[in-house]
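The values are calculated or read from the model by the stated rules, or taken from the named source; none is laboratory data. Note that the coordinates shown come from a computational prediction; the quantities given were computed from them, not determined experimentally. When we count neighbours, we look across all protein chains shown, and the Cβ atoms used for this are built from the backbone with ideal geometry, even at glycine. Surface accessibility is based on the protein's heavy atoms, side chains included, excluding ligands, DNA and RNA. Shrake-Rupley method; radii C 1.70, N 1.55, O 1.52, S 1.80 Å.
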Amino acid sequence: QVQLVESGGGSVQSGGSLRLSCAASGFTLDNYAIGWFRQAPGKEREGVSCISPSDGSTYYADSVKGRFTISRDNAKNIVYLQMNTLKPEDTAVYYCAAGRAGLLLFRLGVLWGRGEEYDYWGQGTQVTVSS
């Protein structure tokens, strides 16, 4: 059974850090582009970051560049999102997603932030940043 499970969310004060984990079962993460997305109440889902399965290229939303780092541990079949210098506007439910179909892997630099390009999704983990 294919499954993605996020963990590591929680409540922190502004300026704090969290590390989110995305663990896969039923398939191998290193064959997929792995994206992190977030959705705040009343807002649309947005792409936060993505890591390529081939060369490990990474992509970030402008709002998190320099603060968030995505990485993968292929041996553990886990992708991480290290979030530093958190701000109240980072408060959201964070989801990881895996995809490799269609044009996603061929045009990852352009398509990574489009949730509809991904095949599998986790249940989400809440991140709350207080000021």
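Structural remarks
- Residue check for Glu46: touching a Gly at 6+ places or on another chain (Cβ under 8 Å), within 29 Å of Ser131 (Cα to Cα) and not aromatic (Phe, Trp, Tyr): yes
- Residue match in the stretch 33-45 (condition: open to solvent by 50 Å² or more (accessible area, probe 1.4 Å), in contact with an Asp or Glu (Cβ under 9 Å, 6 or more places away or on another chain) and more than 14 Å from Trp121 (Cα to Cα)): no
To keep it simple, each residue is scored yes or no on (1) β-branched (Val, Ile, Thr); (2) out of contact with any Pro (no Cβ under 7 Å at 6 or more places or on another chain).
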site: Val2; (1), (2): yes, yes
site: Gly15; (1), (2): no, yes
site: Tyr32; (1), (2): no, no
site: Thr69; (1), (2): yes, yes
site: Asp73; (1), (2): no, yes
site: Met83; (1), (2): no, yes
site: Ala97; (1), (2): no, yes
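- Criterion violated by Gly15 - all others in (1) within 19 Å of Ala75 (Cα to Cα); (2) more than 13 Å from the chain's Cα centre (by Cα) satisfied: (1)
- Here Asp30 clears all of (1) more than 16 Å from Val129 (Cβ to Cβ); (2) acidic (Asp, Glu); (3) buried (at least 20 other Cβ atoms within 10 Å of the Cβ) except the condition numbered (3).
- The set of residues in the stretch 109-131 being part of a loop (DSSP other than H, G, I, E, B), over 11 Å from the mean Cα position of the chain (by Cα) and of a type outside the set (Ser, Thr, Tyr) consists of Arg114, Asp119, Gln123.
- Hey, Leu29 touching a helix residue (DSSP H, G or I) at 6+ places or on another chain (Cβ under 8 Å) and either at pLDDT below 95 or within 13 Å of Gly122 (Cα to Cα) (or both) or not: no
- Any chance Gly47 is in contact with a helix residue (DSSP H, G or I) (Cβ under 9 Å, 6 or more places away or on another chain), in contact (Cβ under 8 Å) with a residue 60 or more places away in the chain and not hydrophobic (A, V, I, L, M, F, W, C): yes
- Taking each residue of the stretch 21-34 that is within 19 Å of Tyr94 (Cβ to Cβ) and looking for partners that are at pLDDT 95 or above and among the acidic types (Asp, Glu) with beta-carbon atoms closer than 6 Å, six or more apart or interchain, yields Cys22/Glu6.
- If you go through the stretch 86-116 and keep only what is farther than 22 Å from Pro41 by Cβ, open to solvent by 10 Å² or more (accessible area, probe 1.4 Å) and modelled with pLDDT of 95 or more, you end up with just Trp112.
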